[in-house]
Amino acid sequence: MHWNVLLADTAAPATATQAASAAPSASGTAAPASPIWGNQIILMVLLGVIMYVLLVRGPQQRAKQQAKLLSGLKSGDKVVTSSGIVGVVITVKEKTVSLRSADAKMEVTKSSVTEILESSDSAQTSP
């Protein structure tokens, strides 16, 4: 409901028909409650919370998960890069990782590693 309508309703003098219609509501029948979505402040707060969750919290969680993945990267791990290359880690440097994939050896940035398929620990312990 708009503010000018609310102000016009409160400022207008009550007529006989308005007084008659107000009497039954005072006698026990409740006036219809405004819906929860009618309050614009609640909508704005709800929109702010949704925007925070989608635009701030989600990328923070993904960045933490990626940092944890890269810190646990070691020689012998089988990994997948963002371009879809599957290879085994040969060496891990500060910003790059050397991979062996089939007969090729390549060096990619650490940030391009998206998933560790098999850890070198699990490959050595399995019979």
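Read the figures in this text as sums done on the coordinates, not as results from a lab. Being a predicted model, the structure only gives us computed values, none of them experimental. Here Cβ is always computed from backbone atoms with ideal geometry, including for glycine, and neighbour counts include all displayed protein chains.
Where in the stretch 32-108 are there strands (runs of 3 or more DSSP E), lying wholly inside it, with at least 3 residues that are among the hydroxyl-bearing types (Ser, Thr, Tyr)?
Numbers: elements: 78-81, 86-92, 96-101.
Fully inside the stretch 32-108 and qualifying: 96-101.
To keep it simple, each residue is scored yes or no on (1) surrounded by 11 or more Cβ atoms within 10 Å (Cβ to Cβ); (2) within 25 Å of the chain's Cα centre (by Cα).
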site	(1), (2)
64	no, yes
71	no, yes
74	yes, no
92	yes, no
97	yes, no
102	no, no
111	yes, yes
114	yes, yes
120	yes, no
